[in-house]
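Please read the structure below before turning to the comments.
The values are calculated or read from the model by the stated rules, or taken from the named source; none is laboratory data. It should be emphasised that the depicted structure is a prediction, and the values quoted were computed from it without experimental measurement. Here the Cβ positions follow ideal geometry from the backbone for every residue, glycine too, while neighbour counts run over all protein chains shown. Areas reflect the complete protein model, heavy atoms only, side chains present, ligands, DNA and RNA absent. Shrake-Rupley method; radii C 1.70, N 1.55, O 1.52, S 1.80 Å.
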Amino acid sequence: MADNTKTGVFKLFLLSVRQQIFVFIAMAMLFAGIFILNGLPLTLYLYSIELGLFFFFSYLVIQYFRYRNRYEAIIQVGEAHSVNNEDIASGTDPADQLYLDKISELQQDIRNLTNEHAERQADQLDYFTLWLHQIKTPLSAISLLNQSNATPESKKISQEIVRLEDYTHMALNYVKLEDSGSDMDLSEVDLDSVIKRAVKKYSILFIYKGITLDYQPLKTTVLSDGQWLQILLEQLLSNSLKYTASGSISIYLDPGRDQTLIIEDTGAGIRPEDLPKIFNKGYSGLNGRLHEKSTGIGLFLSKKICKRLGHELIIESELGKGTRAAVSLARKELAVFD
């Protein structure tokens, strides 16, 4: 790779000095004509050419090394390394210094704009996070007030409150995942406890939609972060509930794969052409667009949580027959900073 780079620099150098080479050749031809027309000795001409070639070649060698140093310095500027501008401008047209000064000004402007943008983003994120925490208080109050009613409308309100809380928690979790320093506490986690908490959160939706839960205690533990694992299972359950109008949702361990948890529903399913893109941020697929229920964030977050925890998430689905989410809880390399 280094040899190829040097060859490339040499070719560029030859292009940059081609005018000097053409001038030297033209001068040699001019002097040859003068020597011939005046009948001067050929040996004197050859000696003059050899002497001229020696000085011209020495000049080219010096210029080549200066050109190469300047080229390498410019490459370092592109890589945002610290560079002495004199290394770039030396041996070149003095106008180059004007370009360098202008580049330095532009680089400083870019740094200032980048810092300002980062500060604005940090302020917006702080406000967004604060708003998300504050909105949970009125949601909890509405939920308590609604529990005192026993009307059919109150059941619908309870269902929508669950969805509101779900979206709020999703946004908070998104913010936490974007923070590379977010806490993660790995320990032996009772899988049944995590599943029961997730199911309890959506019990209203199970009852309201008349969906059957097929789940038997798994009696197993896994090495994971209990809080993030619960968030993952809640998100997968939420997706199943969104697109399952009737039928059942099953939670069980895959007998053919070690420590692989399955969440399977009998819902609308996913089109084959949508499956490769379901983990893309913001992608909702045909079902999400038709039912206007999808934010396109849920599975993106689920995949990111799995990557953070070192687990693996695989979604299998058939349109009109349901979806099967397989979470491999076996340990993989952690991706804390991804």
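Figures for the structure shown
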| quantity | calculated |
| --- | --- |
| Hydrodynamic radius (Kirkwood) for region 189-311, which is based on Cα pairs only, to one decimal in Å | 15.2 |
| Kirkwood Rh and Cα Rg combined as Rg over Rh, evaluated for region 122-234 | 1.02 |
| Rounded percent of accessible protein surface that carbon and sulfur make up, region 198-274, 1.4 Å probe | 55 |
| Zone of residue 127's modelled label, taken as backbone nitrogen in region 154-174 under 19 Å from a point 7 Å along Cα→Cβ | 171-172 |
| Amide H contacts under 5 Å for residue 248, placed H, 5+ residues apart | 212, 266 |
| Extension gain, residue 254 back to residue 227 (0.36 nm per residue minus Cα-Cα distance, nm) | 7.5 nm |
| Calculated FRET efficiency for the pair residue 204/residue 103, C-beta based, R₀ 45 Å, to 0.05 | 0.15 |
| Residue 59-residue 140 pseudo-label distance in nm [points 7 Å out on the Cα-to-Cβ vector] | 8.4 |
| Calculated FRET value between residue 114 and residue 160, using beta carbons and R₀ = 45 Å, to 0.05 | 0.60 |
| Peptides ranked, highest mean first, by Cβ atoms within 10 Å: ranges 169-177, 227-235 | 227-235, 169-177 |
| Neighbourhood net charge (15 Å Cβ-Cβ; Lys/Arg +1, Asp/Glu -1) for residue 204 | +3 |
